[in-house]
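As structure tokens, the structure follows; a few thoughts come after it.
The values are calculated or read from the model by the stated rules, or taken from the named source; none is laboratory data. Just so you know, these numbers come straight off a predicted model, no measurement behind them. Glycine also receives a Cβ, built like all others from the backbone with ideal geometry; neighbour counts cover every protein chain displayed. The accessibility values were calculated without ligands, DNA or RNA, using every heavy atom of the protein model including side chains. Shrake-Rupley method; radii C 1.70, N 1.55, O 1.52, S 1.80 Å.
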Protein chains: 2
Amino acid sequence: MTPAFVSLPGVDPACVLCTQATGVPLWQDGAWRVIRAEDPDFPAFYRVIARHHVAEFSALLAPERTRCMDLVCRIERVLIEQLRPTKINLAALGNMVPHLHWHVIARFDWDSHFPQAVWGPRQREVAGGARARLPLSLDELDACVVEALRSRD
Amino acid sequence: MTPAFVSLPGVDPACVLCTQATGVPLWQDGAWRVIRAEDPDFPAFYRVIARHHVAEFSALLAPERTRCMDLVCRIERVLIEQLRPTKINLAALGNMVPHLHWHVIARFDWDSHFPQAVWGPRQREVAGGARARLPLSLDELDACVVEALRSRD
């Protein structure tokens with residue numbers, strides 16, 4: 001996939017999130033982009049990624065932090081409304097890739113790792129795959145996410 | 001330790017975070033409390049916990065979300081300034097205890113799990129223990145965190 005964001009200021013050519021497009025791109029503005037991670041264990045797994053290279057949340061200005069978490073919250077609300085998950089997991093870790101990105105993950109009591117973190121030990125196999133258990137397709141879910149991100153509310 | 005917060009409205013008597021005080025209590029206001037988790041592997045591990053029983057971040061009103069993340073950010077900045085960690089990890093999971101709480105964790109490339117998540121597989125033993133590697137005592141670090149939380153800036 002074409003790395004669409006490398007001409008921005010604040011890009012680190014050694015950073016995979018600056019230079020490579022991973023996942024399914026859904027939406028972007030000048031400061032943020034949202035993708036769906038393609039994880040078979042956790043199909044409803046989205047990321048809000050800073051378009052500039054910044055490692056830590058606290059490096060943002062207050063309105064940037066508010067904007068970032070508003071995007072996270074919009075995605076979270078779509079996942080809750082559409083999927084009725086057992087829990088939403090939010091995280092900004094960045095140990096592997098120190099470029100600010102928020103994980104927004106719908107978790108279910110039947111999923112492969114629940115109640116462990118997605119980074120923890122697998123608890124079970126999910127017969128038929130996790131994706132088949134969602135009440136709508138990922139295309140439909142993505143469309144709801146994009147609509148929420150575009151909303152001016 | 002005395003469960004100090006059980007008389008508030010919005011308390012779930014079945015919820016451990018509503019009814020039990022865990023960790024080292026450092027600061028609170030009417031809506032939030034901050035503790036230091038007592039984790040020998042991750043000594044610089046703080047939590048911002050909602051004082052009312054709410055499961056998901058998106059259940060908060062916008063100003064409540066901003067306030068919550070401002071507290072998280074204040075702690076993060078103290079950890080960066082005082083410890084110069086390799087990375088800060090932020091997370092609100094709640095799979096085990098579905099009561100909103102944010103983990104704020106200073107991570108080091110030498111710590112027991114780095115670069116894995118703290119919920120992931122252990123990578124190494126830390127000779128002498130992690131706490132001994134910090135450049136200041138936990139009492140001193142706690143004092144800096146409390147000062148940052150009390151600040152009106």
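Filter segment A:103-128 down to residues that are in contact with a helix residue (DSSP H, G or I) (Cβ under 8 Å, 6 or more places away or on another chain) and in a loop (DSSP other than H, G, I, E, B) and give me whichever is farthest from B:His99 (Cα to Cα).
Applying the filter and picking the extreme gives A:Val126.
Does segment A:28-44 include one or more residues that are buried (at least 19 other Cβ atoms within 10 Å of the Cβ), farther than 25 Å from B:Glu64 by Cα and within 14 Å of chain B (Cβ to nearest Cβ)?
Looking only at segment A:28-44, we keep the residues that are buried (at least 19 other Cβ atoms within 10 Å of the Cβ), and these are A:32-36, A:42-44.
Then keep just the ones that are farther than 25 Å from B:Glu64 by Cα; that gives A:35-36, A:42-44.
Among the residues that remain, those that are also within 14 Å of chain B (Cβ to nearest Cβ) are: A:42.
Yes: segment A:28-44 contains one or more residues that are buried (at least 19 other Cβ atoms within 10 Å of the Cβ), farther than 25 Å from B:Glu64 by Cα and within 14 Å of chain B (Cβ to nearest Cβ).
Going by the structure shown, is B:Ile88 buried (at least 20 other Cβ atoms within 10 Å of the Cβ), outside any loop (DSSP other than H, G, I, E, B) and facing chain A (nearest Cβ under 7 Å)?
On the way: buried (at least 20 other Cβ atoms within 10 Å of the Cβ): yes; outside any loop (DSSP other than H, G, I, E, B): yes; facing chain A (nearest Cβ under 7 Å): yes.
Judged against the criteria, B:Ile88 is a match.
Can you name every residue in segment A:45-79 that is at the interface with chain B (Cβ under 10 Å from one of its Cβ atoms), open to solvent by 30 Å² or more (accessible area, probe 1.4 Å) and either closer than 21 Å to A:Val118 by Cα or part of a helix (DSSP H, G or I) (or both)?
Step one: of segment A:45-79, the residues at the interface with chain B (Cβ under 10 Å from one of its Cβ atoms) are A:55-60, A:62-63, A:65-66, A:68-70, A:72-79.
Remaining after also requiring open to solvent by 30 Å² or more (accessible area, probe 1.4 Å): A:55, A:59, A:62-63, A:66, A:70, A:74, A:77.
Across segment A:45-79, the qualifying residues are A:Ala59, A:Ala62, A:Pro63, A:Thr66, A:Asp70, A:Arg74, A:Arg77.
This table checks each residue for (1) over 15 Å from A:Phe45 (Cβ atoms); (2) over 14 Å from the mean Cα position of the chain (by Cα); (3) of a type in the set (A, V, I, L, M).
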| residue | (1), (2), (3) |
| --- | --- |
| A:Leu93 | no, no, yes |
| A:Ile105 | no, no, yes |
| A:Val118 | no, no, yes |
| A:Arg124 | yes, yes, no |
| A:Ala130 | no, yes, yes |
| A:Glu140 | yes, yes, no |
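Within segment A:11-20, which residues are open to solvent by 30 Å² or more (accessible area, probe 1.4 Å) and closer than 30 Å to A:Pro121 by Cβ? Show your work before the answer.
Just the residues of segment A:11-20 that are open to solvent by 30 Å² or more (accessible area, probe 1.4 Å), to begin with: A:11-14, A:16, A:19-20.
A:Val16, A:Gln20, listed by residue number.
Touching a residue at least 12 places away in the same chain (Cβ under 8 Å) and within 11 Å of chain B (Cβ to nearest Cβ): which single residue out of A:Arg124, A:Arg133, A:Arg107 fits that description? Walk me through it before giving the result.
Working: A:Arg124 fails: within 11 Å of chain B (Cβ to nearest Cβ); A:Arg133 fails: within 11 Å of chain B (Cβ to nearest Cβ).
Being touching a residue at least 12 places away in the same chain (Cβ under 8 Å) and within 11 Å of chain B (Cβ to nearest Cβ) holds for just one of A:Arg124, A:Arg133, A:Arg107, which is A:Arg107.
A:His99 is checked against (1) touching a Pro at 6+ places or on another chain (Cβ under 9 Å); (2) not in a helix (DSSP H, G or I) and fails just one. What number does that condition carry?
All conditions pass for A:His99, except number (1).
Suppose the filter is open to solvent by 20 Å² or more (accessible area, probe 1.4 Å) and modelled with pLDDT of 95 or more; does A:Trp102 pass it? Steps first, please.
Values: open to solvent by 20 Å² or more (accessible area, probe 1.4 Å): no; modelled with pLDDT of 95 or more: yes.
No, not satisfied.
When residues of segment A:129-149 are filtered for being of a type in the set (A, V, I, L, M, F, W, C), under 14 Å from A:Glu81 (Cα atoms), touching a helix residue (DSSP H, G or I) at 6+ places or on another chain (Cβ under 9 Å) and assigned to a helix (DSSP H, G or I), how many remain?
Selection size over segment A:129-149: 4.
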